[in-house]
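Colleague: Pasting in a structure now, in structure tokens, and then I'll have a few things to ask.
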Amino acid sequence: MSRFLPFAGAEFTYHTNHPLINDDLNPRFPEGLKRSAMTLETYRTLCPRFNFLGRVLKDNSAATGLDALKSLFRDRASGINNDQTYGCTIMVLGESPELHISPGRPDEEPFQVIGFSPRPGR
């Protein structure tokens, strides 16, 4: 495991379930890369979802509010929301935490909200 920050001074982070550091791979995977004349380093740079987020969330001025994130996750062109998307979650942290969950592709299934009680003493 390794800490990931998208840029120096980032106030947020993101992920796409795309391995950046992990080298605990099924032995067939590197063999497939070798047959394709591709290195693991090259493969890691090719994730369209990760590259899209890198462009959209390139600095701390990026829109990261709830509505902006829902819009981002509903976008089919980004590759983040694709045919293999089976759900989407956004956790809003703070005094009154909320879990926003789309039980399917977020462009097809509306987000449902589960609220959590504020922590005592806060």
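Colleague: So is Ala63 out of contact with any Ser or Thr (no Cβ under 9 Å at 6 or more places or on another chain), among the small types (Gly, Ala, Ser) and assigned to a loop (DSSP other than H, G, I, E, B) or not? Write out each step before concluding.
Modeller: Working: out of contact with any Ser or Thr (no Cβ under 9 Å at 6 or more places or on another chain): no; among the small types (Gly, Ala, Ser): yes; assigned to a loop (DSSP other than H, G, I, E, B): yes.
Considered against the rule, which asks whether it is out of contact with any Ser or Thr (no Cβ under 9 Å at 6 or more places or on another chain), among the small types (Gly, Ala, Ser) and assigned to a loop (DSSP other than H, G, I, E, B), Ala63 comes out as no.
Colleague: State which residue is surrounded by the most Cβ atoms within 10 Å (Cβ to Cβ) when the search covers only the range 13-37 and only residues that are part of a loop (DSSP other than H, G, I, E, B) and either of a type in the set (Val, Ile, Thr) or at pLDDT 90 or above (or both).
Modeller: Of everything passing the filter in the range 13-37, Thr16 is surrounded by the most Cβ atoms within 10 Å (Cβ to Cβ).
Colleague: Is it the case, given these coordinates, that Pro48 is open to solvent by 60 Å² or more (accessible area, probe 1.4 Å) and either over 14 Å from the mean Cα position of the chain (by Cα) or within 30 Å of Gly115 (Cβ to Cβ) (or both)?
Modeller: Answer is no for this residue.
The values are calculated or read from the model by the stated rules, or taken from the named source; none is laboratory data. The shown structure was predicted, so the numbers you read here are calculated from the model rather than taken from an experiment. All Cβ positions, even for glycine, are placed from backbone atoms using ideal geometry, and neighbour counts span all protein chains on display. When the accessible area is computed, the model is the full protein with side chains, heavy atoms only, and any ligands, DNA or RNA have been set aside. Shrake-Rupley method; radii C 1.70, N 1.55, O 1.52, S 1.80 Å.
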